[in-house]
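Inspection log for the structure reproduced underneath, given as structure tokens.
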Amino acid sequence: MALKIIASQCTVCGACEFECPNGAIRMKGDIYIVDPKKCTECDGQFDEPQCAAVCPVPNTCVKAAPAA
Amino acid sequence: MSSPVFSLEALVSAPISVDAMRAKLQEGGCSSTSCGSSAKPDEMPEDVWDKIKDHPCYSEEAHHYFARMHVAVAPACNIQCNYCNRKYDCANESRPGVVSEKLTPDQALRKVVTVANEVPQLSVLGIAGPGDSCYDWKKTKATFDAVSREIPDIKLCLSTNGLALPDHVDEIAEMNVDHVTVTINMVDPEIGAKIYPWIFHQHKRYTGVEAARILHERQMLSLEMLRDRGILVKVNSVMIPGINDEHLLDVNAWVKERGAFLHNVMPLISAPEHGTHFGLTGQRGPTAMELKALQDKLEGGAKLMRHCRQCRADAVGLLGEDRGQEFTLDQLPAQIRYDPSKRAAYREVVAHERGDHQVNKQAVVAQLRALGAEQTLLVAVATKGGGRINEHFGHAKEFQVYEAGPGGVTFVGHRKVDSYCLGGFGEDATLDGVIAALEGVEVVLCAKIGDCPKESLEAAGIRATDRYALDYIEAAIGAVYAEQFGRRVTDAPLMLSA
Ligand code: SF4
Ligand code: SF4
Ligand code: SF4
């Protein structure tokens, strides 16, 4: 499981990138993306997903729908 | 006045020739006995004066001569304020936090060097949003380190909400940051909860009163830590009518006790189209006179700053102007070398000029005291800098407002206007806007004004004149005041010599 970033809402502030404990977030072109292979949902590391907690825009770092 | 007309603006208009600047300096000669005298106000300690004398934001006096630039390198933030919307990005807006491009530290270095080469008034590099310079610390530090290697005498300045500052205060001290601005809008967490919906601290998001309490504690700690390290602190507060306007009296007392050197109360800016929480919920900002009334009440606490322009976070130039759009990324050279000669020459010129200005100012104070009149007079001035009346009425984008009274002439604020004359036409609607912006002002002094706007102003009860074109601001205002309120000691009205 992983989180993803809704690109259309993201302000590209970069806060999520440097809070992510697993280096799962990086810039791709003009937008930030989450690498689902690296994202652990911060499980066992923090009480809540760090990217979602720091993001200034509500509902921008959200759970990705599980792959079918 | 009889001394040679000396316009700083002429010296720095492009292309700038250092020789021309030097020649001008010689030609100005040393007309007064003030040559080399310092402009330091009497009540200020020497070490503080040394830190602020070239800083346009910290010294009202310096803002006539020196320019600042901001680079937006630290966009990440750890709190949310109800007056901020980081999704908003605009080239034409002028307010804190607004930028048209975010920069990497390398791009910022290129930009700062380009500006230093072209704008000799540059003395301060600030990092002031969007985002928080202390939270997004790596980028702030990388930028400051790179720039101070290239331009060692540039003053570094950062603005922060204070939440993350205690984690970096020792690095800040080591980097020779002389000044820090902390935005503090409350000391009561109940009030804070109405301003800050959440904060992010030690890997957790906090909301409500708990969030505001943590923020408050960290802000007070920041002030104390900075003071202990001898770093000057300016506190910015946003005045939000009905939420913290009265409360700012308490804030002023708290921050003064913790050694804040200046308190800058700024009006809330909230239009619905900015998309901020306050903008959308119809929270209004204060009027110019409400702001002045609060500032007058605060006088006597921590020293007040009245010349803040609430600049964009990528502003470049003197405080009343913004040349940011001349230095966007696409206009910067790929390779650039710092050339210190223009800044050095400009400093020499200014050292001379501001000494004269200060002596002149003190003379005005003495003369107004001697008059013994008790009235006060609000005067608006159109200026391009250098402490002189040297802007056309129609070109002014703002007026600087001074109050003349028995104690002398003091700066009380500025009023932004849409320039009356764009490309030679005067628009009546704009003029109405200018008149509205000049609420409370009785006299306008400018370098030039046409008959038409003059009559309209007069009809609105505002006298406008270009009689004092190119004079020092204080001298001209003193003369106007004396003319209006001077007692006739002898047959002749008391005259002020400029
Ligand atoms: S949930 Fe945690 S691990 Fe996943 S991207 Fe966000 S910060 Fe990184
Ligand atoms: S914190 Fe939110 S707004 Fe900022 S870059 Fe990450 S997803 Fe975008
Ligand atoms: S926003 Fe105010 S304090 Fe900051 S640089 Fe502009 S005038 Fe100075």
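Points to keep in mind about this one:
- A search for C-beta distances below 8 Å between a residue of segment B:265-284 that is farther than 16 Å from B:Gly242 by Cβ and any residue that is in a strand (DSSP E or B), counting only pairs 6+ apart in sequence or on different chains, returns B:Met266/B:Asn236; B:Met266/B:Ser237; B:Met266/B:Val238; B:Met266/B:Met239.
- The number of residues in segment B:128-177 being within 20 Å of the chain's Cα centre (by Cα) and among the β-branched types (Val, Ile, Thr) comes to 3.
- Restricting attention to segment A:16-32, the residues that are over 20 Å from B:Gly131 (Cα atoms) and within 10 Å of ligand 2 (Cβ to nearest atom) add up to 0.
- All strands (runs of 3 or more DSSP E) inside segment B:384-449 with 3 or more residues being surrounded by 24 or more Cβ atoms within 10 Å (Cβ to Cβ) and either modelled with pLDDT of 85 or more or of a type in the set (A, V, I, L, M, F, W, C) (or both): B:398-405
- Members of segment B:328-359 that are closer than 23 Å to B:Gly478 by Cβ and in contact with a Ser or Thr (Cβ under 8 Å, 6 or more places away or on another chain): B:Gly355, B:Asp356, B:Gln358, B:Val359
- The set of residues in segment A:3-19 that are β-branched (Val, Ile, Thr), in a loop (DSSP other than H, G, I, E, B) and away from every other protein chain (no Cβ under 12 Å) contains only A:Ile6.
- The residue that is nearest to ligand 1 (Cβ to nearest atom), among those in segment A:6-19 that are surrounded by fewer than 18 Cβ atoms within 10 Å (Cβ to Cβ) and small (Gly, Ala, Ser), is A:Ala7.
- Per the listing A:Pro58, A:Pro49, the residue uniquely within 13 Å of another protein chain (Cβ to nearest Cβ), under 9 Å from the mean Cα position of the chain (by Cα) and more than 9 Å from ligand 2 (Cβ to nearest atom) is A:Pro49.
- Some residue of segment A:59-66 being more than 8 Å from ligand 1 (Cβ to nearest atom), outside any strand (DSSP E or B) and buried (at least 16 other Cβ atoms within 10 Å of the Cβ): yes
- Subset of segment A:20-46 that is more than 7 Å from ligand 1 (Cβ to nearest atom) and not in a loop (DSSP other than H, G, I, E, B) - its residue that is farthest from the chain's Cα centre (by Cα): A:Lys28
- Condition check for B:Val115: among the hydrophobic types (A, V, I, L, M, F, W, C), at pLDDT below 90 and in a strand (DSSP E or B): no
- Any hit, segment B:348-370, residues being surrounded by fewer than 21 Cβ atoms within 10 Å (Cβ to Cβ), over 22 Å from the mean Cα position of the chain (by Cα) and at pLDDT 85 or above: no
- Beta carbons closer than 6 Å, at least 6 apart along the sequence or on distinct chains, pair a first residue in segment B:191-220 that is within 14 Å of chain A (Cβ to nearest Cβ) with a second that is of a type in the set (S, T, N, Q) for B:Pro197/B:Gln80; B:Trp198/B:Gln80; B:Trp198/B:Thr207; B:Phe200/B:Asn78.
- Top-ranked residue of segment B:167-190 - restricted to ones that are assigned to a loop (DSSP other than H, G, I, E, B) and touching a residue at least 60 places away in the same chain (Cβ under 8 Å), ranked as farthest from ligand 3 (Cβ to nearest atom): B:Asp188
- Check on A:Ala2, more than 8 Å from ligand 2 (Cβ to nearest atom) and crowded, with 17+ Cβ neighbours inside 10 Å: yes
The values are calculated or read from the model by the stated rules, or taken from the named source; none is laboratory data. Please read these numbers as outputs of a predicted model, since none were measured by experiment. Glycine gets a Cβ as well: all are built from the backbone with ideal geometry, and neighbour counts include every protein chain shown.
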